[in-house]
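The values are calculated or read from the model by the stated rules, or taken from the named source; none is laboratory data. Since we're looking at a predicted model, the values are computed, not measured. Neighbour counts run over all protein chains shown; Cβ positions are idealised from the backbone, glycine included.
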Amino acid sequence: MASDDIYILGINMTKFGKHPTLDVLDLASEATLGALSDGGVSIRDIGVIAAGNLSGMGTGLGQDVQKQVGQTGIPVFNVANACATGATALRTVMMALKAGECEIGLAIGAEKLSGAGMLGLAEAPSEDRWVPKGRFGAVAPLDGRIGTAAMPGVFAQVGLEYGHRYGGVSFELFARISAKNHDHSTLNPLAAYTKSMTVEQIMGEPMMAYPNTRAMCSANCDGAAAAVLVTGERLKSMSTEQQKRAVKVAASVLTTDPWEEGCQVLPNINTLTRNAAALAYEQAGVSPEDLDLVELHDCFATAELVHYDNLMLCPEGGAVDFFESGAPTRDGKTPVNVSGGLESKGHPIAATGIANVWEICHHLRGEAGPRQISNAVVGLAHVIGLGSTCGVHILEKSA
């Protein structure tokens, strides 16, 4: 192992779902203690913390977690980056380790979202005539006038636009993508929902924004995830077992939107994802063909389809053919969302970026139980937050 490499030493996620008796701090502390235990270290070994939360912690989550598990006076970065918040926490810790500020760091993401309702839904206009108010207010309240900011609608547009450009999409196709993920979830005990659903059941669910029915939407829920990262130099001094279970972070990339005229009005989730993927493959020295599994941001079934293309898992315009080939199923060439994805595993926003990495790590360690992808060596974790930010991490099994 190279001394300047970064590794996931320990990682943990809570059960996703409804936790009425636990608050954000309870969940974050549980994930933190689990990650420390998994890595065989204590809070005294940690040199930096990056903690993410979007659901209203009045004070910094990182400092509050310290009060539960140990206050050592180290720097804490509290981060918020929409659905890429967890990936941003990981990236923040990596930068601190790469800069030589410390040798071991902790990334945390936690959220309480069960019962939150539809995210991104704009308030009903109070006036019949649009009156601009301020620089941001002049363009923000356009819901229903120019597209929509409601998440199911945004990603419905994304999926249908892809079909308009390349063809082959249908209501049933998106339902089949969702059915794949619900089927995968039955093998993941930490998923919010572990129930298989037929295509007919999914198509018969309440419609959120055509073609996304309720079962095709990510589940707002409670949950937390945490990861301990370590430098390659420090890892060399650790036990053989710790070295064996450590997972190399071969690439860590965070991108935002480049300037495009269109995305000044409606979000474009494609360009920044393709840019992030290209940078990540270059950093890691791998190609999409080298990936043994992928956890991508299927906030909606329509999103999963376009991200097959954006992550270059298929030729440009070939996402429908990629799905029809069976490649993204658990037994396929490039399994996608073996965890059940956000549609089944759930989407406690700040935790998702680390939870996707958790899933990849467990397959690379050979610890994924009945859903284990055989001989997994390289995996990719992807998240995207509207605004927009994309995080891509490529992980490799320890040599």
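Taken together, the residues in segment 9-25 that are over 24 Å from Cys361 (Cα atoms) and touching a His at 6+ places or on another chain (Cβ under 9 Å) amount to 0. Scanning segment 13-38 for residues that are out of contact with any Leu (no Cβ under 6 Å at 6 or more places or on another chain) and of a type in the set (Lys, Arg) gives a single hit, Lys18. Does segment 27-41 contain at least one residue that is part of a loop (DSSP other than H, G, I, E, B) and modelled with pLDDT under 95? No; the residues of segment 27-41 include none that is part of a loop (DSSP other than H, G, I, E, B) and modelled with pLDDT under 95. Of all residues in segment 184-220, those being under 25 Å from Pro370 (Cβ atoms) and either part of a loop (DSSP other than H, G, I, E, B) or more than 21 Å from the chain's Cα centre (by Cα) (or both) number 18.
Note on segment 281-391: enclosed helices (runs of 4 or more DSSP H) holding 2 or more residues that are in contact with a Leu (Cβ under 9 Å, 6 or more places away or on another chain), among the aromatic types (Phe, Trp, Tyr) and in contact (Cβ under 8 Å) with a residue 12 or more places away in the chain are 319-324.
Report yes if Gln68 is out of contact with any Phe, Trp or Tyr (no Cβ under 7 Å at 6 or more places or on another chain), touching a residue at least 40 places away in the same chain (Cβ under 8 Å), in a helix (DSSP H, G or I) and surrounded by fewer than 18 Cβ atoms within 10 Å (Cβ to Cβ), otherwise no. In short, yes. Listed by first and then second residue, the pairs linking a residue in segment 33-49 that is over 23 Å from His362 (Cβ atoms) and of a type outside the set (Val, Ile, Thr) to a residue that is assigned to a helix (DSSP H, G or I) and at pLDDT 95 or above, with Cβ atoms under 8 Å apart and 6 or more places separating them unless they lie on different chains, are Gly47/Ala96. Selection of segment 330-357 for residues being surrounded by fewer than 24 Cβ atoms within 10 Å (Cβ to Cβ) and out of contact with any helix residue (DSSP H, G or I) (no Cβ under 8 Å at 6 or more places or on another chain) yields Asp331, Gly332, Lys333, Pro335. Of all the residues in segment 221-247, those that are in a loop (DSSP other than H, G, I, E, B) and buried (at least 20 other Cβ atoms within 10 Å of the Cβ) number 2.
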